[in-house]
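Read through the structure below, which is laid out as structure tokens, and then see the notes.
The values are calculated or read from the model by the stated rules, or taken from the named source; none is laboratory data. Please read these numbers as outputs of a predicted model, since none were measured by experiment. Don't worry about glycine lacking a Cβ; one is built from the backbone with ideal geometry, like all the others, and counts go over all protein chains shown. What goes into the accessible areas is simple: the full protein's heavy atoms, side chains included, and nothing from ligands, DNA or RNA. Shrake-Rupley method; radii C 1.70, N 1.55, O 1.52, S 1.80 Å.
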Amino acid sequence: MNRTLSTMLRAALKKNIKIWEECLPHVEFGYNRSLHSTTKMCPFEIVYGFIHRAPIDLIPLPYSEK
């Protein structure tokens, strides 16, 4: 996992290491949404039981729309 995340960060940052904090949420989202060969599921799906399609899916709905 650490190697995968460091490789993803390295690819996202290219040569501008100073913005790593800004790239971290995007890299985390990509990792949590990637399918793993052992489980055949993504980490987010293992923890929460469903696959989120976009970050907007994580925003709670207003109570009137539930």
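From the helices alone, meaning DSSP H stretches of at least four residues, give me the mean residue ellipticity at 222 nm for the chain, per-run term -39500 (n - 2.57), in deg cm²/dmol to the nearest 500. All intermediate terms of the calculation are to be shown ahead of the outcome.
Values: 3 runs with 32 residues, N = 66.
Result for the chain: -14500 deg cm²/dmol, rounded to the nearest 500.
Using only side-chain charges placed at the Cβ, +1 for Lys and Arg and -1 for Asp and Glu, the dipole size of the chain relative to its Cα centre rounds to 360 debye.
By the gyration tensor of its Cα atoms, with a ≥ b ≥ c the square roots of the eigenvalues, what is the shape of the chain: rounded for a/c under 1.5, prolate for a/b over b/c, or oblate? Note, shape of the chain comes out oblate. For the chain, the residue among ASN16, HIS26, HIS52 whose Cα projects farthest onto the positive side of the dipole built from Cβ charges is ASN16. Remark: the chain carries 88 Å² of accessible area per residue (probe radius 1.4 Å; ligands, DNA and RNA excluded).
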